[in-house]
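Read-outs: derived from the displayed coordinates by stated rules, not from any lab. This one's a predicted model, so the numbers in the text were calculated from it and none came from an experiment. Positions of Cβ are generated from backbone atoms using ideal geometry, with glycine treated the same way; all protein chains shown enter the neighbour counts.
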């Protein structure tokens, strides 16, 4: 058997999915496009952000939308020191569970900070909107510390 | 403060997966031969079956395959389908034919396009021939063969499909 150079090349597989958002997530994304964050009130009175279509206890359809604040606090977080290409930020950042003012549950998003040492559970953060909003979760470019000038 | 716009009803959510594809030894030889304008398979030393594309082993016997066999540009239609549905990003305009083809000298089919044909007249056992790109464009790729086109030869009986030698005659056991 003659020796052969083993061939190798870059190969990209792409799936160009589109998704229908439905009336609840569609409304949430419409709100983001308008730089508002909306949740929905569940049967037990809690405000859920992002909104759910159906109540987790009664399974009833939910439609009592509530606007929540654009600041909140970090409930828990994880520092990403080496962001990958698909990550929302290309410099080190944190994934965080953020409980927005007026919400009763935390939502996940990214937090931009100069270093890991600036972050802490309970730290106050605020939304940084994307320059252009289009009705997508990335309309929130990231959260950043509310009381630190970066 | 925002102007009235239609509510959001959908989002684009593409997924792109980046791979480094490494062909392995047997497929590398296969692709290198394609770059030289040759279609090759590998013969199993146990059962004598010739596989294309070669994977370096016989799936039936579980032993390594090393003997390289140059296959014919002629092939037989083992099965086919007429594609009517346009697929985004596909440069080929439907309706077109995708066929399982067994090249003479091999015992297994591979998938390629059939063209220069009347779609409604394509049938199992039909003889076809590879249409290669101009030599200057040959690369380590199966699409050096643009498609297969019908050949004016008698049909191969179903029971003999996959049993022809490289000369197109039935291989006597």
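Out of the residues in the stretch A:116-134 that are touching a residue at least 60 places away in the same chain (Cβ under 8 Å) and touching a strand residue (DSSP E or B) at 6+ places or on another chain (Cβ under 7 Å), which is surrounded by the fewest Cβ atoms within 10 Å (Cβ to Cβ)?
Checking each candidate, the answer is A:129.
Looking at residue A:6, is it at the interface with chain B (Cβ under 9 Å from one of its Cβ atoms), under 30 Å from residue B:33 (Cα atoms) and not in a strand (DSSP E or B)?
In short, yes.
Restricting to the stretch A:60-95, and then to whatever is buried (at least 17 other Cβ atoms within 10 Å of the Cβ) and part of a loop (DSSP other than H, G, I, E, B), can you tell me which residue is farthest from the chain's Cα centre (by Cα)?
Looking at the filtered set, the residue picked out is A:62.
If you check every pair at least six apart or on different chains, which have Cβ atoms under 6 Å apart with a residue in the stretch B:24-35 that is more than 7 Å from chain A (Cβ to nearest Cβ) first and a residue that is buried (at least 18 other Cβ atoms within 10 Å of the Cβ) and in a helix (DSSP H, G or I) second?
Listed by first residue and then by second, the contacts come to B:34/B:144.
Is it the case that the stretch A:36-59 has a residue that's within 9 Å of chain B (Cβ to nearest Cβ), closer than 18 Å to residue A:106 by Cα and buried (at least 19 other Cβ atoms within 10 Å of the Cβ)?
no
Taking the condition touching a strand residue (DSSP E or B) at 6+ places or on another chain (Cβ under 9 Å), farther than 28 Å from residue B:34 by Cβ and within 7 Å of another protein chain (Cβ to nearest Cβ), does residue A:13 pass?
Criteria not met by residue A:13.
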